[in-house]
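Comments concern the structure below.
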Amino acid sequence: GPGPGRLPAGEEGPLEGGPPDHSYSLSSGTTSEELLRKLNEQRDIIALLEVKMKEMKGSIRRLRLAEAQLREEIREKDRLLHAASAGTRKRHGL
């Protein structure tokens, strides 16, 4: 027959033997309606997290583009400074 915490096929009842007292654990008297509600809440949370992840990926992409532009500006300014200092040394005979 069915072992401890199991029900014969076709019967609904409380689940037993879950992890103790965590926010994701189920009490021994959890009904199928409560399970369905919890499942739907978790699906909603997952959907929100997926939206946030897409937003964050977009932000990361924009930051990387901005970083690349800033690095290019720094390289250009370094070239100008180097050229200017090389010209100054030549004029002063250094």
Counting heavy atoms of the protein chains only and a 1.4 Å probe, report the per residue accessible area for region 33-94 as a whole number of Å². 98 Å²
Count charges around Glu67 for me, please; just the other residues with Cβ under 12 Å from its Cβ, Lys/Arg as +1, Asp/Glu as -1. +2
Calculate, for Ala47 and Leu80, the FRET efficiency according to 1/(1 + (r/R0)^6) with r their C-beta to C-beta distance and R0 41 Å; round to the nearest 0.05. 0.25
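The values are calculated or read from the model by the stated rules, or taken from the named source; none is laboratory data. Every value quoted in this text rests on a predicted model; they were computed, and no experiment measured them. We place every Cβ from the backbone using ideal geometry, glycine too, and count neighbours over all the protein chains shown. When the accessible area is computed, the model is the full protein with side chains, heavy atoms only, and any ligands, DNA or RNA have been set aside. Shrake-Rupley method; radii C 1.70, N 1.55, O 1.52, S 1.80 Å.
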